[in-house]
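FYI, it's all coordinate maths here, none of it is from the lab. Bear in mind that the values here come from a model prediction, so they are computed numbers and not experimental data. Please note: Cβ atoms are built from the backbone with ideal geometry, for glycine as well, and neighbour counts cover all protein chains shown.
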């Protein structure tokens, strides 16, 4: 294993992730405080998620030509631009103009996020090795789980930092401070990371951005509905519910969401140990995890519908949701690398995370609309239905074999 490259990629991804989580919380709480409606808040993130769909598809084709060093650096640079531009927003602007401006800045951030994520996740395939196929698969699951889990834990830290910075510094000042940190990280990546990592000798044509692998296509469909099921309540519905129904402060909302995502990341990183050596490499784990997650979500929706122990259903239920969701997500992150060949890994990862971004886009848009129509209860019922579809796609996933990616 190339420890130096792994450390550089992981460190850059960590720094980006903290600013990404803080940015989401800053935007959500700042514009909620200005009186924007749930639908308007959802629209602020619409282009962020939409650009993720496009970026992953195109990035999966570009990365083998440029190398993952350049795509990672480009992601960091675009985020610096996005943060700087967004700091120019004036609360005195009319809501329509402000929404359009923020959507544009968030579109840049969406490009940055998915360039950085695709580059970091794909790089793992090139820096992890093993003496045998089994050892390589075990190492792959271990290190991708650590990267993914630590990323999500730090995104939770970013949520807390975003809420705190909004109170301490204000909106514009917080954004400029984060941009300054990323400038230092970008310089380190350009100076130290191997320039040819992930670069293909014979890059594939543009038409290859659409996966021809049955396994990758089915996994991507499951991923779409899995992340749509989370974001339909997580992005807009839950934070507004905590503010309007429970009267929580910005710091408390940011703290709870931070704790949820940190715990989620810790569970993701521990997934290989939680599932055990046998379960970690068995695709059936993705099936029963989706089933358990669906049952938990149905229970939360049912308790909210009946007005029974609402606080327990929201707080306790979503903690359980986070644990099982984290295991399921970690399993997916391993499966996309296990199903992909070394030659196709960047393209397949790009396609897979495009489906991930599309699911988040659908969930984000639905979050504002569903909350407006029926509150958090409606969001949880919608989530349960989406997880049911995830379970159906998971049942169609083929076993993990050396030839899986070619089927």
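What ranking, highest mean first, results for peptides 306-316, 78-88, 352-362 when packing means the other Cβ atoms within 10 Å averaged over each residue?
Averaged packing, sorted descending, gives the order 352-362, 78-88, 306-316.
Any idea how far apart residue 34 and residue 308 come out in nm if each label point goes 7 Å out from Cα toward Cβ?
4.3
Taking the Cα centroid of the stretch 303-348 and of the stretch 1-60, what is the distance between the two, rounded to the nearest whole Å?
Cα centroid of the stretch 303-348 versus Cα centroid of the stretch 1-60: 18 Å apart.
Taking the C-alpha atoms of the chain, how large are the radius of gyration and the largest Cα-Cα span, Dmax, in Å?
Rg then Dmax for the chain, in Å: 20.1, 62.
Per the Kirkwood treatment, what hydrodynamic radius in Å, one decimal, follows for the stretch 231-388 from the mean inverse distance over all distinct Cα pairs? Walk me through the numbers before you get to the answer.
Numbers: mean 1/r = 0.0600 Å⁻¹.
Its Kirkwood hydrodynamic radius stands at 16.7 Å.
With r defined as the distance between the Cβ atoms of residue 90 and residue 181 and R0 fixed at 25 Å, what FRET efficiency is calculated, to the nearest 0.05?
Working: r = 24 Å, r/R0 = 0.96.
The value I calculate is 0.55.
Order these peptides, 258-271, 326-339, 91-104, 176-189, by their mean beta-carbon neighbour count within 10 angstrom, highest first.
The densest-packed peptide leads the list: 326-339, 258-271, 176-189, 91-104.
Which whole-number percent is the relative contact order of the chain (Cα, under 8 Å, 6+ apart)?
30
Points 7 angstrom from Cα along the Cβ direction at residue 373 and residue 173: gap in nanometres?
4.3
Hey, can you rank 295-303, 20-28 by average C-beta count inside 10 Å, highest first? Each step should come with its number before you reach the end.
Numbers: 295-303: 19.7, 20-28: 25.8.
Order by mean packing, descending: 20-28, 295-303.
Distance between the C-alpha centers of the stretch 70-92 and the stretch 353-373? Whole Å please.
23
If I take R0 = 60 Å and measure r between the Cβ atoms of residue 191 and residue 396 in this structure, what FRET efficiency does the formula 1/(1 + (r/R0)^6) give, to the nearest 0.05? Please report the intermediate quantities before stating the final value.
Numbers: r = 45 Å, r/R0 = 0.76.
E(calc), rounded to 0.05, equals 0.85.
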